[in-house]
Amino acid sequence: MSQGHAWVLGATGQIGRAAVRALTADGWEVTAASRGGGRDGRWDDGVRAVALDRDEEGALGRALGDGCDVLVNMVAFDGAHARQLTGLAGRIGSAVVISSGAVYEDDRGRNFDTQAEPDGFPRYPVPLPETQRTVAPGDASYGTRKVLLERELLAAGDALPVTLLRAGAIHGPYCRTPRELYLVKRLLDGRKRRVLAYGGESRFHPVHVSNAAELIRLAARRPGSRVLNAGDPEAPTVAQIASAVDDVLGRETETVLIDGAPPEGTVGDSPWSIPYPVVYDMTAAEKELGYRPVTGYAESLPETVEWLAGELAGRDWREAFPKMLRNYGEGLFDYAAEDAWLEAYARDRR
C-alpha cells in the first residue's frame, strides 16, 4: 500500500540520493527533482525524475501540479526558500527540511561565525540539545540564514507541518566537502605520518547520509512542526576517525598529537580540528520519531573511502573536490610545510 506521494528537492545530492531510496523502500511514490533531472543508479525504476530550477519564478508550483503528501527539501537555505514552501502550503501535506548545526550559539554568543576570533569558538553543552539558543536570524551568514529559514517555516504552524533536521557533519558518498579526503588522500599519497592538533580529541558530530535519510523517512510518516538534531549514534574523535581510515585501507600511520591549536599554519589542522566538542543530543529524535540509526561511523566508512578513492583516481583533488579547495584552501595538503614542521619537531625531541 502506498504511503502517498513524496517530492524530493535536491534529489541528486548526497542526502537526496539516500532519501529517495529510503522513501521508495517505505512505500512512497517518489518524484525526484534536481536541476539536471538526473537519476541515481540505485533508485527503483518507479522513481520519477524531473528537472527543476526551483529559483525560477513559479517553477516549483507548476511542477507540483495538484501537490504532494510530503515535500522533502535538501536545498533550502534562507527566508525566500521558506516563503516558497509556505506559499504552496495548500498543496503540500507536510515538509521535511534540512537545516544545520551552524544555527547554534553558546551562552556567551559564540558560534561558528565567531570561531576565527580570539576565544571565539563556541563552548556548547555536551550533549547539545535542540533547546540551545541560536544565532539571530538574518542574511549575514549561512547560520543566520538557516535560522531565518527555520523561523519562517515554523511560523506556518498547522498550515504546513515542518520537521527541520539540524544536520551534523554529513558524510558518505557524493559529498562535495568530504572531511575524510584529508585522511584518505594522505594515505593514497604514501604519507607515513600525520599531525593532529588538540591532541586528536576534536569531536564534530557526524551524520551519515543513510541516517539522515532514516530521519527523513520517519518524519514523513509522522508529520509535525518540530526541530530535531540529525546525527550518527556516536561522535568519534578525529584520532579515532584517522585510525578507522587506516584500518579500511590496511595502512599503518604514525600520528603526532599536538596539544592545543595547530602549531604552524595549517599543520595539524584537519577539517574536524576544533578546540571544543560539538556533540548532538539525539534524545528528541529517538522519542518523537522512534529514530534508530541504520549505521555507525566505522561501519559506513569503507563505502565512503572506496568512493573517494574512485573520485581521486587519475584526478587532482582540486578538480575532484573544488568546494574543498574553496573551503579549506591549498593548505589542506601542504606536505612541504608539514614535513618541515615534523623535521623540526623531531630535532627538538632529540
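The values are calculated or read from the model by the stated rules, or taken from the named source; none is laboratory data. For clarity, every value in this text was computed on a predicted model and none was experimentally measured. A quick note on method: Cβ atoms are made from the backbone with ideal geometry, for glycine too, and the neighbour counts reach across all protein chains shown. Keep in mind that these areas ignore ligands, DNA and RNA; they rest on the heavy atoms of the full protein, side chains included. Shrake-Rupley method; radii C 1.70, N 1.55, O 1.52, S 1.80 Å.
Look at (1) under 20 Å from HIS171 (Cβ atoms); (2) open to solvent by less than 10 Å² (accessible area, probe 1.4 Å); (3) aliphatic (A, V, I, L, M) and you find that LEU342 fails only one, number (1).
For segment 151-180, residues that are of a type outside the set (Gly, Ala, Ser), assigned to a loop (DSSP other than H, G, I, E, B) and more than 30 Å from GLY310 (Cα to Cα) total 2. Can you confirm whether GLY231 is on the phi > 0 side of the Ramachandran plot and open to solvent by less than 20 Å² (accessible area, probe 1.4 Å)? It is false that GLY231 is on the phi > 0 side of the Ramachandran plot and open to solvent by less than 20 Å² (accessible area, probe 1.4 Å).
The set of residues from segment 33-73 being surrounded by 12 or more Cβ atoms within 10 Å (Cβ to Cβ) and within 17 Å of GLY93 (Cα to Cα) comprises LEU60, GLY61, ALA63, LEU64, GLY67, CYS68, ASP69, VAL70, LEU71, VAL72, ASN73.
Looking at ALA336, ALA313, ALA309, which is the one that is modelled with pLDDT of 95 or more and either touching a Leu at 6+ places or on another chain (Cβ under 7 Å) or open to solvent by less than 40 Å² (accessible area, probe 1.4 Å) (or both)? Quick ask: steps written out before the conclusion?
Working: ALA336 fails: either touching a Leu at 6+ places or on another chain (Cβ under 7 Å) or open to solvent by less than 40 Å² (accessible area, probe 1.4 Å) (or both); ALA313 fails: either touching a Leu at 6+ places or on another chain (Cβ under 7 Å) or open to solvent by less than 40 Å² (accessible area, probe 1.4 Å) (or both).
So the residue among ALA336, ALA313, ALA309 that is modelled with pLDDT of 95 or more and either touching a Leu at 6+ places or on another chain (Cβ under 7 Å) or open to solvent by less than 40 Å² (accessible area, probe 1.4 Å) (or both) is ALA309.
For segment 264-275, what are the residues that are open to solvent by 50 Å² or more (accessible area, probe 1.4 Å) and among the hydroxyl-bearing types (Ser, Thr, Tyr)? Steps first, answer last, please.
First, the residues of segment 264-275 that are open to solvent by 50 Å² or more (accessible area, probe 1.4 Å): 264-266, 269, 275.
THR266, the sole residue that qualifies.
Going by the conditions given, is ALA320 closer than 25 Å to TYR142 by Cβ, surrounded by 15 or more Cβ atoms within 10 Å (Cβ to Cβ) and over 18 Å from the mean Cα position of the chain (by Cα)? So ALA320 passes the test.
Matching residues to (1) closer than 30 Å to ARG17 by Cα; (2) surrounded by 17 or more Cβ atoms within 10 Å (Cβ to Cβ); (3) of a type outside the set (Phe, Trp, Tyr):
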site: LEU187; (1), (2), (3): yes, yes, yes
site: GLY199; (1), (2), (3): no, no, yes
site: ARG203; (1), (2), (3): yes, yes, yes
site: ARG217; (1), (2), (3): yes, yes, yes
site: ASP246; (1), (2), (3): yes, no, yes
site: PRO262; (1), (2), (3): no, yes, yes
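Do you know which residues across segment 79-93 are open to solvent by less than 40 Å² (accessible area, probe 1.4 Å) and not in a strand (DSSP E or B)?
GLY79, HIS81, ALA82, LEU85, LEU88, ALA89
Screening segment 144-179 for residues that are surrounded by fewer than 23 Cβ atoms within 10 Å (Cβ to Cβ) and among the small types (Gly, Ala, Ser) and picking the one that is farthest from MET324 (Cα to Cα) gives ALA159.
Kindly indicate which of VAL278, VAL294 is of a type in the set (A, V, I, L, M) and open to solvent by 50 Å² or more (accessible area, probe 1.4 Å). Break it down stepwise before answering.
Working: VAL278 fails: open to solvent by 50 Å² or more (accessible area, probe 1.4 Å).
Just a single option satisfies the conditions, and that option is VAL294.
Looking at this structure, is THR283 open to solvent by 30 Å² or more (accessible area, probe 1.4 Å), closer than 30 Å to GLY27 by Cβ and β-branched (Val, Ile, Thr)? Here the answer is yes, as THR283 does meet what is asked.
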